[in-house]
Amino acid sequence: MLRLFLRLYLFLMLPSTAAFVLFMYVTDQVMTQMQAEQQRTRAGVAFDRAERIISDKRVPDWQGRLKEIEKTFRVEHQIVPLDLALDDLFMSASEKERLAGGDIAFRDRPGGGMVYLRRIKDSDRALRIEWVGVYEYQLIYYAIILTLITVAMCAILWRWTRPLWRDLESLTAATASVGGGDFGVRADVGKGSLLAPIASAFNVMAQRVQALLQSHRDLEQGVAHELRTPLAQLKFDLELARASQEEAERDKRFEAMERDVVDLEDLVSELLVLASLRHAPPYSPRDVPARALVDEVMRRAQDEMRTAGRSVRIEPPEHLPETLSCDAKSLTRALVNVLRNAVRYARSQVALTVERAGAHTVIRVDDDGPGVPSRERARLFEPFARVEDSRGRDSGGVGLGLAIVKSVAEWHGGTATISESPLGGARVSISW
């Protein structure tokens, strides 16, 4: 933290100090130029007084008299060669011309104030006068101001960097924990912190990774569980077929094994579809005829209903847009899965509706079946999730239909939800 503080302090303090010094210097120069003539007039009185004392032959100790004046008025007098005065590096060229012409010239005095010079009449010397009393505390004044600015800047930077450093430490610790495999940790920073957007994005990322890993673990466990049942049944039927002495009994066991193989094929097929959707390339929408897509979905749903021996009335959409912006193959599969579930649990009626407003499309499938409890609705979109009571495994399916529906909706940039249907059962909505 000290290193960060010192870097920020030097980065801010050095330019601030330079700007302050430059501002004071420019201010002094501007004020000096604005009051130049007034200063020359005041200095002229001092030069006249000093030169009268120097040139007065009646004053044998003129240097002593000047010392008394210096003590009284807090000034310093000095007689210097004219050539040396004209070689002064701190004096401008225009002021040197004034000095050579016998006028009063001045320049800045180190530490504050001014130095005035005037050529002594009819000589090659110049009288130099410095006002020290007015400016002797100017350096102390500037030092106090710089000290106060320094202390204030330190306090401000400390107040700003301390919570920033604390948030950086929190974010660093959270990053290290996630790198070590602990995806349940979150970066804890203040809401008003500069790092709040970064911490929020990090937390969302960690949550998504945690959910993805949990989903993979659940999927692995679900696959193992779902494979165990038909494999155990296959093993059981195989043992019975080997032990059976009657041909009819063996044929019965072979038919049971064939059904188990079909169940395994369906499970693997659905898993491959789900995997392909989760690793699909970026979605690129295409406008497809809505009527053709809905007719294909209705045809496949009717065929599966007849195969399952069900008799449910499926109402097609009353109003259809001309086109739908979607991937026809994946959306057809998703809608067939939804209709299959609706037909399986409906008592007598299933309704399909399609609405499109601009670029937004919503497709709803309603049934008049037992419905889905609200606490189970979000969970049903997870792989192998089933409702314990009315929609259990015995009613058919491998438990991946709605997971595929959710993946198709998310691939389209939308969502899939379950709600209560006006028909009294469940409503599955796909919107994008």
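The values are calculated or read from the model by the stated rules, or taken from the named source; none is laboratory data. Note that the structure is predicted; figures quoted are calculated from it, not measured. Here the Cβ is made from the backbone with ideal geometry for all residues, glycine too, and neighbour counts use every protein chain on show. Remember, those area values only see protein heavy atoms, side chains included, never the ligands or the DNA or RNA. Shrake-Rupley method; radii C 1.70, N 1.55, O 1.52, S 1.80 Å.
Subtracting the Cα-Cα distance of residue 313 and residue 194 from their residue separation scaled by 0.36 nm leaves 36.9 nm. Here the relative contact order of the chain, from alpha carbon pairs under 8 Å that lie six or more residues apart, stands at 9 percent. Per-residue accessible area (protein heavy atoms, 1.4 Å probe) orders 364, 250 as 250, 364, starting from the largest.
Counting only GluC sites (Glu not before Pro) that DSSP places in a loop and that have at most 11 other Cβ atoms within 10 Å, the longest clean stretch of the chain runs over 1-245.
Taking 17 Å as the straight-line reach from the Cα of residue 235, the aspartates and glutamates in range (excluding those fewer than 8 positions away in the same chain) are 226, 249, 251, 255, 258, 260, 263, 265.
Extending 7 Å from Cα along the Cβ direction at residue 246 and again at residue 216 yields two label points whose distance is 5.2 nm.
Taking all protein chains as shown and a probe of 1.4 angstrom, residue 10 keeps an accessible surface of around 90 Å².
Taking θ as phi - 60° and the Karplus parameters 6.51, -1.76 and 1.60, the scalar couplings of the range 348-358 work out to 8, 8, 9, 10, 10, 10, 10, 10, 9, 10, x Hz in sequence order, x denoting glycine and proline. With both labels modelled 7 Å from their Cα along Cα-to-Cβ, the residue 359 to residue 158 distance reads 5.3 nm.
Across the options 430, 41, 148, the greatest Cα extent toward the positive end of the charge dipole of the chain (unit charges at beta carbon of Lys, Arg, Asp, Glu) belongs to 41. With a cut-off of 12 Å between beta carbons, the residues surrounding residue 85 carry a summed charge of +2, where Lys and Arg count +1 and Asp and Glu -1.
Accessible surface of the chain, 1.4 Å probe: 56 percent of it comes from carbon and sulfur atoms. Once the convex hull of all Cα atoms in the chain is built, its volume per residue stands at 265 Å³. Computed with every protein chain present, the accessible area of residue 25 is close to 120 Å² [probe 1.4 Å]. Of the listed residues 252, 191, the order by accessible area with a 1.4 Å probe, largest first, is 191, 252. Only Lys, Arg, Asp and Glu carry charge here, each on its Cβ (+1 for the first two, -1 for the last two); on that basis the chain has a dipole of about 1680 debye about its Cα centre.
Couplings 3J(HN,Hα) for the range 98-107, derived from phi with the Karplus relation 6.51 cos²θ - 1.76 cosθ + 1.60 (θ = phi - 60°), are 4, 5, 5, x, x, 8, 7, 10, 8, 8 Hz, where x marks Gly and Pro. Between amide H atoms placed 1.01 Å from N, distances below 5 Å from residue 361 occur with 432, all of them 5 or more places distant or on a separate chain.
Taking label positions 7 Å along the Cα-Cβ direction at both residue 73 and residue 89, the computed distance is 3.1 nm, reported to one decimal.
Farthest toward the positive end of the dipole of the chain, out of 92, 244, 157, is the Cα of 92, where the dipole comes from beta carbon charges about the Cα centre. At a probe radius of 1.4 angstrom, the accessible area of the chain per residue rounds to 60 square angstrom.
Within the listed set 188, 122, 260, the Gaussian network model of the chain (springs between alpha-carbon atoms below 10 Å) gives the highest mean-square fluctuation for 122. Rounded to the nearest 500, the helix-only mean residue ellipticity at 222 nm of the chain stands at -20000 deg cm²/dmol, with each DSSP H run of n ≥ 4 adding -39,500 (n - 2.57). Candidate cross-link partners of residue 406 among the lysines, defined by an alpha-carbon separation under 16 Å and a same-chain spacing of 8 or more, comprise 329. The GNM of the chain, with springs linking C-alpha atoms under 10 angstrom apart, assigns the highest mean-square fluctuation among 321, 110, 285 to 110.
Bridgeable lysines around residue 121 (alpha carbons under 28 Å apart, same-chain partners fewer than 8 residues away excluded): 57, 67, 71, 96. Across 402, 213, 272, mean-square fluctuation computed from a Gaussian network of the chain (C-alpha pairs under 10 Å connected) peaks at 272.
Annotation: residue 31 carries an accessible surface of approximately 90 Å², with a 1.4 Å probe and no ligand, DNA or RNA atoms counted. Using 0.36 nm per residue and subtracting the Cα-Cα separation, the extra length available between residue 295 and residue 51 on full extension is 76.1 nm. Our estimate of slack between residue 39 and residue 325, defined as 0.36 nm per intervening residue step minus the Cα-Cα distance, is 94.5 nm.
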